[in-house]
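Provided herewith is a single structure, encoded as structure tokens, for subsequent inquiry.
The values are calculated or read from the model by the stated rules, or taken from the named source; none is laboratory data. Predicted model, so just to flag it, every value in this text is computed and none were measured. Using ideal geometry, Cβ is built from the backbone for each residue, glycine included, and neighbour counts are taken over all protein chains shown. What goes into the accessible areas is simple: the full protein's heavy atoms, side chains included, and nothing from ligands, DNA or RNA. Shrake-Rupley method; radii C 1.70, N 1.55, O 1.52, S 1.80 Å.
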Amino acid sequence: MSVTVNGLDELKKLAGSDLGTSDWIEVTQDRIDTFADATGDHQWIHVDPERAAEGPFGAPIAHGYLTLSLFIPLFTELLDVQGVTTKVNYGLNKVRFPSPVKAGSRIRLAARLAEVEDVPGGVQIAVDGTIEIEGGTKPAAVLRSLSRFYA
């Protein structure tokens, strides 16, 4: 379920709001392999299913940064800001990876718009996000994402 706002004034009114949860997406072995190719990180725990099956997690796992990179497509399901000229990722705070994402698992994002503050020409938002693993007891990632929207 997406929240749509038109312009910075409407966005400011959402400060402190729960944005809900995204749909589930599957983290396939193919996605993990593609990420490994893009980043050059071909550690066996990610890309060698046979060896990873005998490793500490019993299966290949997604790179933490792959999990983190999925924040944006998951977040865009939750908040659509219209009436702005530019949207940019400004950074991350307090990123943690409490639990690995095994290949074939499904994840989703639960998010809260923690803060909206003025910056020259626009606003900066802070979003508290938890990337959940379907059936898991601990999240895959917990973070605060900073983005800027310019009028």
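Using the Cα gyration tensor of the range 2-57, with a ≥ b ≥ c the square roots of its eigenvalues, what is the shape: rounded (a/c below 1.5), prolate (a/b larger than b/c) or oblate (neither)? Present the calculation step by step, with values, prior to reporting the outcome.
Details: a/c = 3.91, a/b = 2.91, b/c = 1.35.
Here the range 2-57 falls in the prolate category.
Also, quick follow-up: As an exercise, identify the GluC sites (Glu not before Pro) in the range 40-102 lying in DSSP coil whose Cβ has no more than 10 other Cβ atoms within 10 Å. Working shown, then result.
Details: sites: GLU50, GLU54, GLU77; in loops: GLU54, GLU77.
Sites meeting the loop and neighbour criteria: GLU54.
Sticking with this one: What whole-number value in Å² describes the accessible area per residue of the range 1-141 for a 1.4 Å probe? Could the numbers behind the result be given before it?
Details: 7550 Å² over 141 residues.
With the other protein chains kept in place, the range 1-141 gives 54 Å² per residue.
Using the beta-carbon distance between TYR150 and ASP41 and R0 = 41 Å, what value does 1/(1 + (r/R0)^6) give for FRET efficiency, to the nearest 0.05?
Numbers: r = 33 Å, r/R0 = 0.81.
Efficiency at R0 = 41 Å is approximately 0.80.
Here's another thing I want to ask about it. Would you calculate a helix-derived [θ] at 222 nm for the chain, using -39,500 (n - 2.57) for each DSSP H run of n ≥ 4 and dividing by the full residue count, to the nearest 500? Display every interim value, and only then the final one.
On the way: 6 runs with 37 residues, N = 151.
Helix contribution divided over all residues of the chain: -5500 deg cm²/dmol.
Kindly express, to the nearest 10 degrees and within the range 0 to 90, the angle between helix 29-39's C-alpha long axis and the longest C-alpha principal axis of the chain.
Helix 29-39 sits roughly 70 degrees off the main axis of the chain.
Also, quick follow-up: Roughly speaking, to the nearest percent, how much of the range 47-89's 1.4 Å accessible area is carbon and sulfur?
On the way: 1180 of 2220 Å².
C and S atoms contribute 53 percent here.
Under 8 Å for C-alpha pairs, at least 6 residues apart: give me the relative contact order for the range 1-145, rounded to a whole percent. Let's see the in-between values first.
Values: 280 pairs, mean separation 45.2, N = 145.
Taking the mean separation of contacting Cα pairs over the length of the range 1-145, I get 31 percent.
For a test of the definition: using alpha carbon positions, the gyration tensor, and the 1.5 limit on a/c, classify the range 64-151 as rounded, prolate or oblate. If you can, show how the numbers build up before the last one.
Numbers: a/c = 2.62, a/b = 2.15, b/c = 1.22.
Note, shape of the range 64-151 comes out prolate.
Okay, next question. Of the peptides 101-112, 137-148, 32-43, how do they stack up when ordered by the mean number of other Cβ atoms within 10 Å, highest first? Walk me through the numbers on the way to the answer.
Values: 101-112: 20.3, 137-148: 17.9, 32-43: 13.6.
Packing proxy ranking, top to bottom: 101-112, 137-148, 32-43.
Something else: Kindly identify the range 35-104 as rounded, prolate or oblate by the Cα gyration tensor criterion: order the square roots of the eigenvalues as a ≥ b ≥ c, call it rounded if a/c is under 1.5, otherwise compare a/b with b/c, prolate if a/b is larger, else oblate. Please list the in-between numbers first.
On the way: a/c = 2.80, a/b = 2.51, b/c = 1.12.
Cα axes put the range 35-104 in the prolate bin.
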